[in-house]
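Read the structure below first, then the notes.
The values are calculated or read from the model by the stated rules, or taken from the named source; none is laboratory data. Source: prediction; values computed, not measured. Virtual Cβ from ideal backbone geometry, glycine too; neighbours counted across all protein chains shown. The accessibility values were calculated without ligands, DNA or RNA, using every heavy atom of the protein model including side chains. Shrake-Rupley method; radii C 1.70, N 1.55, O 1.52, S 1.80 Å.
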Amino acid sequence: KGAFTGAEKDTKGVLEEADGGYLFLDEVHRLPPEGQEKLFLFMDSGVFRRLGESKDVRKSNARFIFATTEKIETFMISTFLRRIPIVIKIPALNKRPLGEKFNLIYSFFKEEALSLNKDLIISRQALKVFAISDFEGNVGQLKNDIKFTCARAYNHFCNIKSDKYHIHINIMTLPEHLVNAAVIESDIDNINRFYNNLLSKDLKIESSYNAPFEIQAII
């Protein structure tokens, strides 16, 4: 209370709220050296002060999970870096197995089918474009591109209504940057072998929570 304009009452901060649990800090590379020093002092002692306090010392037993897209050696000061016991590197989407990438594609299309309450029919060509595309924004960009694709396909569905039961996903409904990048042929043979083994027809995703979470080719 009184620490800054508009602070009319005492309020718990994230360190107090995370007492006994975990605190996740995303984009930790944005934390300046001064902030890193304050943070590793808390990690050493478990004590902190609320904003505006000068005397009272508070305690919290919180553990941290940090996330960053940058190399930690480029922004973390050495004293802070030494206090991080485990570093896990998650590979970029284009470095993961094709099967894992396809499962993510399927999962995000399933979410959109449930949200729109419509079955989706996705052409093999559209699936192939998603599979060979290099998403600089990794999983987040993949999810956003699928949302955009489904929104465009849903708009076409509302205007045409040639099939009142299914929303059709094809090359024309994909974001232009994916279609333009699909001319890259480095992994085409691998993609073709994968899909020839996996799908013989276009992919159907049902808009039902009761439908099995699995690949269903159109019969």
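In the condition set (1) within 19 Å of the chain's Cα centre (by Cα); (2) closer than 15 Å to residue 205 by Cα; (3) not polar (S, T, N, Q), residue 116 is compliant with all but (1). Among the residues of the stretch 75-105, those that are more than 30 Å from residue 204 (Cα to Cα) and in contact (Cβ under 8 Å) with a residue 12 or more places away in the chain comprise 75, 76, 77, 79, 80, 83, 84, 87. For the stretch 102-112, a residue qualifies if it is open to solvent by less than 10 Å² (accessible area, probe 1.4 Å) and over 12 Å from residue 145 (Cβ atoms), and exactly one does: 102. Restricting the stretch 49-69 to residues that are at pLDDT 90 or above and of a type outside the set (Lys, Arg) leaves a set whose member that is farthest from residue 18 (Cα to Cα) is 68. Among the criteria (1) more than 30 Å from residue 140 (Cα to Cα); (2) at pLDDT below 90, the one residue 96 does not fulfil is (1). Considering only the stretch 11-26, state which residues are of a type in the set (D, E, K, R) and either touching a Phe, Trp or Tyr at 6+ places or on another chain (Cβ under 6 Å) or open to solvent by less than 80 Å² (accessible area, probe 1.4 Å) (or both). Across the stretch 11-26, the qualifying residue is only 16.
Taken together, the residues in the stretch 131-176 that are more than 20 Å from residue 93 (Cα to Cα) and open to solvent by less than 50 Å² (accessible area, probe 1.4 Å) amount to 8. For the stretch 38-48, the set of residues classified as under 11 Å from residue 76 (Cβ atoms) and either of a type in the set (S, T, N, Q) or out of contact with any Lys or Arg (no Cβ under 8 Å at 6 or more places or on another chain) (or both) consists of 39 only. Just one residue in the set 128, 95 is among the basic types (Lys, Arg) and open to solvent by less than 80 Å² (accessible area, probe 1.4 Å); that residue is 128. Tallying residues that are hydroxyl-bearing (Ser, Thr, Tyr) and exposed (fewer than 15 other Cβ atoms within 10 Å of the Cβ) within the stretch 27-67 yields 2. Remark: pairs (first residue in the stretch 132-147, under 24 Å from residue 118 (Cα atoms); second residue in a loop (DSSP other than H, G, I, E, B) and open to solvent by less than 50 Å² (accessible area, probe 1.4 Å); Cβ separation under 6 Å; 6+ apart in sequence or on different chains) = 141/135; 142/135; 145/175.
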